[in-house]
Amino acid sequence: MSVKTKRRALVQLTVLRTEWRTPHMVRLVLGGDGIDDFCANAYTDQYVKLLFPPKGVQYPFPFDLEQIEQDFPREQWPVKRTYTVRSFDPHLRELTIDVVCHGDSGIAGPWAAAAQPGDSISMLGPGGAYAPREDADWHFMTGDESAIPAIAASLEKVGVGVPVKVIIQVSDPNEEQKLECPGNADITWLFRNEAECLNPRDEWFEAVRDYPFPPGVGHFFVHGEAETVMKRLRPLLLKERGVEKTRLSISGYWRCGDNDEAFRAWKARERAQANKD
């Protein structure tokens, strides 16, 4: 007897307003009647999957994903793009998502860059897996632009006075943002355009490698470009620096040169290879 997988709730929201946080990151504040269908969880890296119809495809109203996947050919199903929830305020009935935009490339970035109040978007979620542990003596968080929303949300949940080391690599100083934290946060910004290394992400790797861990037990959040995070930082932290797996949240959010579909295929191959090994 087969067991039917429980689907995540479909949420349909409306753009309330937008704000450019940096030259390449736009903030979307979403709300509307559908906000009552959003069930936030306790994770600071909670994420949703935004749904975009392929160009030229129109769906019946009201939007019913299960019906669409039953009636439409696969190539006409909505394209999914995953984004971290930067914040959710149930009292204001607002959900905020920060999106990295790189010109006209991609699907979600151009949509977010052009979004106007009144535009609608459907999403699935949220999921999530990480929140700063209260039993940690200190925290370590590192990532690139794609991880800033999760890092920012996580910093806000660190206990008062608890030490936090943050290392973030972005393209240039214009992408730096002010991050709030009730803990004792030491934030280092690295800029790929100013890196002296042949591979700019070497500077990111070296900064993590050379950071002296404080006394006590740490809790780690390491997310961003997959080759750097999974191929380099993961073995560095687990094997060379002795970080316990249970105290490490690590994942690739994207992979240089891949769109989202190609990245997911790469992750599946890596997972299959890891299972063989």
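Only the coordinates and a few stated rules stand behind these numbers; no lab work does. None of the values given here were measured: they were computed from a predicted structure. In this analysis, Cβ positions are derived from the backbone assuming ideal geometry, glycine residues included, and neighbour counts consider all displayed protein chains.
Annotations for the structure displayed:
- Given charges at beta-carbon only (K, R positive; D, E negative), |dipole| of the chain in Debye: 920
- Most mobile listed residue (205, 88, 63) in the chain, GNM with C-alpha springs under 10 Å: 63
- Most positive-pole-ward Cα, 129, 47, 160, against dipole of the chain from beta carbon charges: 129
- Sum of side-chain charges, residue 249 neighbourhood, beta-carbon under 13 Å (Lys, Arg +1; Asp, Glu -1): +2
- Computed packing ranks the peptides 264-272, 25-33, 53-61 as 25-33, 264-272, 53-61, most packed first, by mean other Cβ atoms within 10 Å.
- As a calculated quantity, the FRET efficiency between residue 19 and residue 239 at R0 = 45 Å, using C-beta atoms, amounts to about 0.60.
- Sorted peptide list for 126-132, 206-212, criterion being average Cβ within 10 angstrom, highest first: 126-132, 206-212
- Taking the Cα centre of region 1-95 as reference, the dipole from Cβ charges on Lys and Arg (+1) and Asp and Glu (-1) amounts to some 360 debye.
- Distance distribution P(r), region 127-277, all Cα-Cα pairs, bin width 10 angstrom from 0: 10, 40, 37, 12, 1 percent.
- Springs between Cα atoms under 10 Å define the GNM used for the chain, and in it the highest mean-square fluctuation of 86, 241, 74 occurs at 74.
- Contact order for the chain, expressed relative to its length and based on alpha carbon pairs under 8 Å spaced 6+ residues apart, stands at 18 percent.
- Among residues other than residue 32 with Cβ under 13 Å from its Cβ, the summed charge is -3 (Lys and Arg +1, Asp and Glu -1).
- Approximate spin-label separation residue 113-residue 72, in nm, with each point projected 7 Å along Cα-to-Cβ: 2.4
- Alpha carbon centroid spacing (whole Å) that separates region 162-212 from region 38-68: 33
- GNM remark for the chain: springs join alpha carbons under 10 Å apart, and the peak mean-square fluctuation among 40, 262, 136 falls on 262.
- Shown here: semi-axes √(5λ) of the Cα gyration tensor in Å, derived from the displayed model; of the candidates (i) 27, 22, 17; (ii) 32, 22, 20; (iii) 26, 22, 20, it corresponds to (ii).
- Residue 221 long-range amide H proximity, modeled H, under 5 Å: 140, 141, 142, 249
- Fully extending the segment from residue 258 to residue 217 would add 11.2 nm, taking 0.36 nm per residue of separation and subtracting the current Cα-Cα distance.
- In the chain, the calculated helix contribution to ellipticity at 222 nm averages -5000 deg cm²/dmol per residue, counting -39,500 (n - 2.57) for every DSSP H run with n ≥ 4.
- Projecting the Cα atoms of 147, 246, 230 onto the charge dipole of region 140-277, computed from C-beta unit charges around the Cα centre, puts 246 farthest toward the positive end.
- Inter-label distance, nm, simple model (7 Å from Cα along the C-beta direction), residue 246/residue 199: 3.3
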